[in-house]
Structure formats: structure tokens, C-alpha cells
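These notes concern the structure reproduced below.
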Amino acid sequence: MSQVRAQAYITLAGRSGWALLNTYHAVLRERGYRPAEVHLVAWEESALGTVLEGIRLISERYAFSPRISVVRVAEGDYAAAGERVLGLVRAFAARGFETALDITPGRKAAIVSVCLDLAAADLRVDHIYYLGLPIPDPPARPYLLIPLHIQPLRDLIEEGGPG
């Protein structure tokens, strides 16, 4: 009998709150993920009030209430973003959590820094989610108000196979 592991969700806040919220919603809806903890890695000056409220509301819709925290890093300090995510992943691994990393809203340099730090430390997350929206100027709308067939949710770990 397999034991159910607690789940954690780490996301890199970027310029679009919709990208963050829509990916979170897609992961809950399409993958059945129910994180006990959600951590947003964000730049110091990022305004996140509406994003945090959105995470709470979306989670409520799926009948759970995760612990939500914000990890702040200095603007443009991509190395710090990588180090902070590395620390989170280490802590979750030590606690036996299943861990998901959402790269959809993150800035490219921050995503690369995170992935390089994880690889250098020989640490893996269980999921790396990316919500595609392959159209120019994506609409600033909630996930369910954009045709689902143009928003494929991808798990890059799952697609990459064993490694």
C-alpha cells in the first residue's frame, strides 16, 4: 500500500499575476494536486495582494486551504532566487513532501538559476509545471474563461522521463 505524501507548490512570481493564478488553477483542476503549502518567490517590490487572494479563492473552490507564504528576493538577484528555491526544496525533501515547481510566470533568468542550483545540488522536484498559451498578447483573464484547448498544462518532469 502506497503512502500519500503531503504536497508543496513553489512558484516564481513574474510580471503576470494571471500566469501564476491560471497555472495554479490548472494544476488543481487537471492534476488533482492539493498542496499543503504554497510558496511564492517574488521580487521585493512586487505587489502580490490580489495574487495571494486569488490563490486563497481558487484553493477554496477545491475545498482546501494551504499555508501560503511569500519569499522575497532583491530585484534582479537571480542567484538569490535559485538559492531560496533550493532551500525550500531541501526542506520539503527532508519532510517527505511531493514538490511541484511552477515556472510559467517566472522570469527566464530566475528559472535558469533555479534549475542550475537544483541540478548542482543533485536535487529533483516531482513536477515542473508550465501552462502554455501559444498566442501573442495572451488575454488577462481567469483560466476557465480562456479556451482550455489553447492552454496545455505540461509537466516537464513527466515528459522528460526518468533521469
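The values are calculated or read from the model by the stated rules, or taken from the named source; none is laboratory data. All figures in this text were calculated on a predicted structure; none of them were measured in a lab. We place every Cβ from the backbone using ideal geometry, glycine too, and count neighbours over all the protein chains shown. Calculation scope for accessible area: heavy atoms of the full protein, side chains included, ligands and nucleic acids excluded. Shrake-Rupley method; radii C 1.70, N 1.55, O 1.52, S 1.80 Å.
Numbers for the structure displayed
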quantity	calculated
Counted charge near residue 151, where neighbours are those whose Cβ lies closer than 12 Å (Asp, Glu -1; Lys, Arg +1)	+2
Top positive-direction residue, dipole computed over segment 16-106 with Cβ charges, set 92, 43, 73	92
Convex hull volume per residue in cubic angstrom - Cα atoms of the chain	125
Per residue solvent-accessible surface (Å²) - segment 32-74, probe of 1.4 Å	50
Cut-off 11 Å between beta-carbons: net charge of the residues surrounding residue 127, Lys and Arg +1, Asp and Glu -1	-3
Relative intensity, log₁₀ I(q)/I(0), of segment 101-163 from a Debye sum that treats every alpha carbon as a point, q = 0.20 Å⁻¹	-0.88
Evaluated at q = 0.20, 0.22 Å⁻¹: base-10 log I(q)/I(0), Debye formula over Cα of segment 1-97	-1.04, -1.21
Portion, in percent, of the accessible area of segment 1-90 that falls on carbon or sulfur, probe 1.4 Å	50
